[in-house]
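Single-structure report; data block below.
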Amino acid sequence: MAKITKDMIIGDVINEHPDLIQVFFQNGMMCIGCPASQGESIGQAAQVHGLDGDHLVNALNDALDA
């Protein structure tokens with residue numbers, strides 16, 4: 001399974017792995033359904049929301065490996 005990276009589009013990740021929505025929520029990314037998430041990368045969104053993009057990506061990948 002391919003690893004999630006900060007340059008991936010949030011909407012694409014959620015469409016392929018809807019179970020990861022909870023990981024986004026747990027890490028402070030509550031606007032999963034907003035229009036920007038359909039074209040914004042994980043790294044861009046993390047920066048806009050003042051989150052640690054590396055921590056978020058690690059949490060997403062950990063959830064995929066679980």
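Bear in mind these aren't lab numbers, they're just calculated from the coordinates by the rules spelled out. In this text, all values refer to a predicted model and were calculated from it rather than measured experimentally. Note that each Cβ is placed from the backbone with ideal geometry, even for glycine, and that neighbours are counted across all protein chains shown.
Remarks
- In sequence order, the range 12-19 has phi-based couplings of 5, 5, 5, 4, 7, 9, x, 5 Hz under the Karplus curve 6.51 cos²θ - 1.76 cosθ + 1.60, θ = phi - 60°, and Gly or Pro positions carry x.
- Spin-label proximity, residue 66 to the range 4-27 - amide N less than 19 Å from point 7 Å beyond Cα toward beta carbon: 4-5, 13-27
- Among (1) 44, 22, 22; (2) 43, 27, 21; (3) 27, 22, 19, the entry derived from the coordinates for Cα extents along the principal axes in Å: (3)
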